[in-house]
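Accompanying notes for the structure given below.
The values are calculated or read from the model by the stated rules, or taken from the named source; none is laboratory data. Because the structure is a prediction, the values reported are computed rather than measured. Cβ atoms come from the backbone with ideal geometry, glycine included; neighbour counts cover every protein chain shown.
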């Protein structure tokens with residue numbers, strides 16, 4: 001696969017979002033192609049399925 | 001005994017899993033929805049995720065013991081090997097091989113779409129790790 005990396009700003013924003021998601025349940029939002037678009041403190045019920053809420057995974 | 005072979009399994013699929021997949025697919029661009037296929041005794045979700053700039057093809061397998069046993073998610077797109085990737089490019093998501101009590105998978109709360117979302121977050125971490133060598137989230141205790 002021809003890997004296209006994140007630039008520095010994108011990477012910093014994504015790391016902050018991922019940590020906000022893991023630490024305090026901040027929702028990660030994605031578009032119709034599942035690409036990250038930002039974060040939200042609250043997500044309407046009907047949109048929860050499309051947002052990444054706190055996912056308790058083992059990494 | 002497969003998920004489709006028991007009344008409990010069928011009811012779970014019809015009332016929980018399929019509606020969750022339909023809701024996930026609603027408004028999704030072509031190629032980014034989830035398709036469901038039966039493979040032997042398992043149900044397999046095939047889909048693509050693109051958390052950042054790269055598209056990954058994935059497969060989430062609901063084994064016959066699902067939802068008691070968590071789904072297994074495998075990345076079909078070749079990845080650089082990292083410590084959070086198990087054999088066969090299976091994502092380390094729910095403490096595979098752990099006891100039910102120790103697992104972070106909760107069958108009463110989660111659906112197969114939750115596993116897709118977990119895979120998305122794993123891939124977002126992978127994209128960061130790919131460039132920095134550091135996994136952005138701490139190891140679960």
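Count, please, the residues in the stretch B:112-133 that happen to be more than 9 Å from chain A (Cβ to nearest Cβ) and over 26 Å from residue B:62 (Cα atoms). Selection size over the stretch B:112-133: 2.
Just for the stretch A:22-49: of the residues that are assigned to a helix (DSSP H, G or I) and within 7 Å of chain B (Cβ to nearest Cβ), which one is modelled with the highest pLDDT? Steps first, please.
To start, the set of residues in the stretch A:22-49 that are assigned to a helix (DSSP H, G or I) comprises A:22-24, A:45-49.
Those still in the list that are within 7 Å of chain B (Cβ to nearest Cβ) too: A:22, A:49.
On the way: A:22: 88, A:49: 62.
Looking at the filtered set, the residue picked out is A:22.
Scan the stretch B:94-102 and give yes if some residue there is facing chain A (nearest Cβ under 8 Å), under 15 Å from the mean Cα position of the chain (by Cα) and surrounded by fewer than 18 Cβ atoms within 10 Å (Cβ to Cβ), otherwise no. Checked against the condition, which is being facing chain A (nearest Cβ under 8 Å), under 15 Å from the mean Cα position of the chain (by Cα) and surrounded by fewer than 18 Cβ atoms within 10 Å (Cβ to Cβ), the stretch B:94-102 yields at least one hit. Within the stretch B:21-38, being in a loop (DSSP other than H, G, I, E, B) and over 15 Å from the mean Cα position of the chain (by Cα) holds for B:26, B:27, B:28, B:29, B:30, B:31.
Yes or no, residue by residue, for (1) under 15 Å from the mean Cα position of the chain (by Cα); (2) surrounded by 13 or more Cβ atoms within 10 Å (Cβ to Cβ); (3) more than 11 Å from chain A (Cβ to nearest Cβ):
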{"site": "B:19", "(1), (2), (3)": "no, yes, no"}
{"site": "B:40", "(1), (2), (3)": "no, no, yes"}
{"site": "B:52", "(1), (2), (3)": "no, yes, no"}
{"site": "B:59", "(1), (2), (3)": "yes, yes, yes"}
{"site": "B:67", "(1), (2), (3)": "yes, yes, yes"}
{"site": "B:78", "(1), (2), (3)": "no, no, no"}
{"site": "B:84", "(1), (2), (3)": "yes, yes, no"}
{"site": "B:88", "(1), (2), (3)": "yes, no, yes"}
